[in-house]
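The next block holds one structure in the form of structure tokens; read it before the comments.
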Amino acid sequence: MFAIAIHGGAGTINKNLIKADQQRLYETGLSKALAAGYAVLEKKGSSLDAVCTAVAALEDCPLFNAGKGSVFNHEGFHEMDASVMRGDDRDAGAVSGIRNVKNPILLARLIMEKSEHVFLSGNGAESFARQYGIAFEENAYFFDQFRFDQFQEALKNDVVQLDHSPSGDRKFSTVGAVALDENGLLCAATSTGGMTNKKFGRVGDTPMIGAGTYANNSSCAVSCTGHGELFIRQVVAHQVHCLMSFGGRSLEEATQEVVMKDLVEIKGEGGLIAIDCLGNISLPFNSEGMYRGFQKSTGDRFVGIY
């Protein structure tokens with residue numbers, strides 16, 4: 001048994017205002033990333049390779065707020081965060097505040113595998129990346145007119161905002177993946193460009209192990225997308241594990257309790273994807289929509305937004 005689930009962000013996604021061709025573009029982007037990750041598992045690859053492959057594919061798609069599609073910070077740059085975790089030895093790698101790295105998730109993995117640390121940030125993380133030959137891109141690679149227009153609007157109104165579209169959608173456009181391979185290894189990976197016009201080196205839940213990403217072979221692997229400050233306060237990803245391991249909840253029960261009860265109580269909007277050690281998958285969200293999908297070796301497959 002093996003399986004993978006992915007997400008491309010949650011939020012207020014107005015079904016009536018998204019054109020059919022726009023919807024197809026998002027579904028195509030999700031499908032390509034899902035297929036890329038699943039192909040790794042199908043060839044008996046590890047869940048670690050699968051989640052990193054899927055997230056890197058989402059980072060390469062300008063539709064999602066990660067990697068190439070990252071939003072602008074207050075200084076007009078792209079400041080990215082990512083993390084990855086494996087469930088057997090609970091090893092993890094995370095990075096925040098990096099610029100010009102093509103695939104932040106690959107740097108997070110490198111930190112996990114090649115350093116004695118878990119979390120690196122900013123210039124130091126970039127120096128580490130160069131030491132190991134991680135790919136960098138010029139600013140032009142990350143430029144997107146839609147993202148730039150969002151940035152100009154945020155500057156004009158002096159606000160830090162989510163990934164807004166002209167239709168009024170508010171999206172927490174973090175991307176992520178969770179997977180179980182044939183050897184029973186659970187892994188999770190998450191990546192984001194953060195919030196438009198963010199200041200002061202703001203960091204959300206994405207790179208924080210236990211808040212935005214968590215994996216444990218005895219329970220589950222989790223990747224979150226939502227209002228980062230609230231997910232940090234609730235330690236969302238680890239909370240799912242705790243409810244399963246110490247509260248006796250099933251994956252579905254645990255994820256529903258965290259997303260639909262615990263987060264709602266503190267006005268935390270968003271969702272998560274999770275997979276347990278048996279290959280069960282849960283994709284709960286308390287917002288209007290969440291870009292998501294999964295595929296299992298049993299033949300089950302799904303890609304959706306609402």
Conditions (1) within 22 Å of GLY228 (Cβ to Cβ); (2) over 19 Å from the mean Cα position of the chain (by Cα) -> MET112 fails only (2)
Given (1) over 24 Å from ALA94 (Cβ atoms); (2) at pLDDT 95 or above; (3) in a helix (DSSP H, G or I), MET1 misses just (3)
Exercise for review: Tell me, please, whether a residue that is hydrophobic (A, V, I, L, M, F, W, C), in contact with a helix residue (DSSP H, G or I) (Cβ under 9 Å, 6 or more places away or on another chain), crowded, with 19+ Cβ neighbours inside 10 Å and modelled with pLDDT under 80 can be found in region 156-176.
Suggested key: yes
Only unsatisfied item for PRO62, checking (1) touching an Asp or Glu at 6+ places or on another chain (Cβ under 8 Å); (2) within 17 Å of ALA274 (Cβ to Cβ), is (2)
(request) Return yes or no: is ARG147 in contact (Cβ under 8 Å) with a residue 40 or more places away in the chain, surrounded by 15 or more Cβ atoms within 10 Å (Cβ to Cβ) and either in contact with a Leu (Cβ under 7 Å, 6 or more places away or on another chain) or under 27 Å from ASP88 (Cα atoms) (or both)? (result) no
Might you check whether a residue that is at pLDDT 95 or above, under 18 Å from ALA188 (Cα atoms), in contact with a strand residue (DSSP E or B) (Cβ under 8 Å, 6 or more places away or on another chain) and of a type in the set (S, T, N, Q) occurs anywhere in region 80-93? yes
When every residue in region 28-76 that is closer than 22 Å to PHE143 by Cα and among the acidic types (Asp, Glu) is compared, the one farthest from the chain's Cα centre (by Cα) is GLU75
message = Condition (residue is within 13 Å of GLY193 (Cα to Cα) and either in contact with a His (Cβ under 8 Å, 6 or more places away or on another chain) or not basic (Lys, Arg) (or both)) applied to region 82-89: is it met by at least one residue?
response = yes
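The values are calculated or read from the model by the stated rules, or taken from the named source; none is laboratory data. Computed from a prediction, not measured in an experiment: that's the story for all the values here. Counting neighbours? That spans all protein chains shown, and the Cβs are built from the backbone with ideal geometry, glycine included.
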